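Working notes for the structure below.
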């Protein structure tokens, strides 16, 4: 989430990715090893091993729940999940969270989704409520619009899950997607500790969850990083240098575009967290290495995105879930501000994506891949 440039430097993007990966590896290395974990016979032993879970702070609104406090959730196992509704990494974890909520709710698990927004439109209660309903989330969701709870948990990532035991200690955390079996085993272990403490019979299922709606991604084949459009978030993957913030620029495609850099055609305004189409029509060009392409976008006036994958309107090739076919053309209707899956190729690899946008006021925030 840094600053931008006019002739591309792929080296800069590589450095950013290397530092991000190194940071995650370091944080993961600091977690407790649960492979040898045993139920705690003496809860006081945890005091020197695990941090006390902070309370929820600065929550503006609660969805699916009355306001909650960590203290009132004592004797429950609590999973705190930091997420935001346009984050593809968060979205791909939701099937597991929903499954765990259904499977362990009556065994003592409480899930709290702390929704901390990345973009301004994600602060709107109506948008978050619609996303909660669209994703059919039944557990508590807290709107952390000012990053207050995010800060007291010293969080830096979406998604980030924390598991809190019945005595209010953070026993485990996981950053990003994956480690579902590891996380569920820790849920089971903490629930068994709870059963012991309450002198209840252990009724925890050992079988791991495998939700049918889960999306599998071959991350080793995704070689294009997430791309941001606004100047507050720029990671160096826009194809131009030294664009003044809040300026309107008449962009042109280059003769030789670099892979993994995005290019524009037409008049666009360079906003803090997006690029906004000022003309009635504009184009976006990207050569990427992945299989699926998502955009976070929206339009106050309603816009249409005509999508070409590998230089075709691919009504046959493009399996994007937010694509429909009209007059043999692949189109995505862009209205509400959310994540749109606009392209899905048959295989992982290098692909060319061209989006022709019709409709002034179209705003694009990110490209994400899978």
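The values are calculated or read from the model by the stated rules, or taken from the named source; none is laboratory data. Keep in mind that this is a model prediction, so the values were computed, not measured. Quick reminder, even Gly has a Cβ in these numbers, built from the backbone with ideal geometry, and neighbours come from all protein chains shown.
In a residue-by-residue description of the stretch 220-232, the property of being crowded, with 19+ Cβ neighbours inside 10 Å and more than 21 Å from the chain's Cα centre (by Cα) applies to no position. Only one of (1) within 29 Å of residue 233 (Cα to Cα); (2) more than 16 Å from the chain's Cα centre (by Cα); (3) surrounded by fewer than 21 Cβ atoms within 10 Å (Cβ to Cβ) fails for residue 123. Which number is that? Status for residue 123: all satisfied but (2). Can you tell me how many residues in the stretch 267-287 are in contact with a strand residue (DSSP E or B) (Cβ under 6 Å, 6 or more places away or on another chain) and over 23 Å from residue 127 (Cβ atoms)? Result for the stretch 267-287: 11.
Which members of the stretch 337-359 meet the condition of being in contact with a strand residue (DSSP E or B) (Cβ under 6 Å, 6 or more places away or on another chain) and within 23 Å of residue 300 (Cα to Cα)?
As a first pass, look at the stretch 337-359 and keep what is in contact with a strand residue (DSSP E or B) (Cβ under 6 Å, 6 or more places away or on another chain): 337, 339-345, 348, 350-359.
If the condition is that a residue be in contact with a strand residue (DSSP E or B) (Cβ under 6 Å, 6 or more places away or on another chain) and within 23 Å of residue 300 (Cα to Cα), then 337, 339, 340, 341, 342, 343, 354, 355, 356, 357, 358, 359 are the ones that fit.
With respect to being assigned by TED's automatic domain parsing to the domain that holds residue 364, closer than 21 Å to residue 88 by Cβ, touching a strand residue (DSSP E or B) at 6+ places or on another chain (Cβ under 6 Å) and free of Cβ contacts under 8 Å to residues at least 40 places away in the same chain, residue 321 fits the description. Say whether the condition of being within 17 Å of residue 76 (Cα to Cα), within 16 Å of the chain's Cα centre (by Cα) and at pLDDT 95 or above is met by at least one residue in the stretch 146-161. Yes: the stretch 146-161 contains one or more residues that are within 17 Å of residue 76 (Cα to Cα), within 16 Å of the chain's Cα centre (by Cα) and at pLDDT 95 or above. Only strands (runs of 3 or more DSSP E) whose full extent lies in the stretch 275-370 are considered here, and the ones with at least 2 residues that are surrounded by 20 or more Cβ atoms within 10 Å (Cβ to Cβ) are 275-277, 281-299, 303-309, 329-334, 338-358, 362-369.
If you go through the stretch 215-255 one residue at a time, how many are assigned to a loop (DSSP other than H, G, I, E, B), on the phi < 0 side of the Ramachandran plot and in contact (Cβ under 8 Å) with a residue 12 or more places away in the chain? Step through it out loud before you land on a result.
Of the residues in the stretch 215-255, the ones assigned to a loop (DSSP other than H, G, I, E, B) are 215-218, 222-226, 229-237, 239-247, 252-255.
Now drop any that are not on the phi < 0 side of the Ramachandran plot, which leaves 215-218, 222-226, 229-235, 237, 239-241, 243-245, 247, 252-255.
Those left that are additionally in contact (Cβ under 8 Å) with a residue 12 or more places away in the chain: 215, 217-218, 222-226, 229-235, 237, 239-241, 243-245, 247, 252-254.
Residues in the stretch 215-255 being assigned to a loop (DSSP other than H, G, I, E, B), on the phi < 0 side of the Ramachandran plot and in contact (Cβ under 8 Å) with a residue 12 or more places away in the chain: 26 in total.
Residue count for the stretch 256-268, restricted to those that are assigned to a loop (DSSP other than H, G, I, E, B) and surrounded by fewer than 21 Cβ atoms within 10 Å (Cβ to Cβ): 4.
Filter the stretch 168-182 for residues that are in a helix (DSSP H, G or I) and in contact (Cβ under 8 Å) with a residue 60 or more places away in the chain; which is surrounded by the fewest Cβ atoms within 10 Å (Cβ to Cβ)? It would help to see each step written out before you state the result.
Step one: list which residues in the stretch 168-182 are in a helix (DSSP H, G or I), which gives 180-182.
Restricting the remaining residues to those that are in contact (Cβ under 8 Å) with a residue 60 or more places away in the chain gives 180, 182.
Details: 180: 20, 182: 15.
This residue is 182.
Have a look at 370, 361, 349 and point out the one that is touching a helix residue (DSSP H, G or I) at 6+ places or on another chain (Cβ under 7 Å) and touching a residue at least 12 places away in the same chain (Cβ under 8 Å). Show your work before the answer.
Values: 361 fails: touching a helix residue (DSSP H, G or I) at 6+ places or on another chain (Cβ under 7 Å); 349 fails: touching a helix residue (DSSP H, G or I) at 6+ places or on another chain (Cβ under 7 Å).
Only one candidate qualifies: 370.
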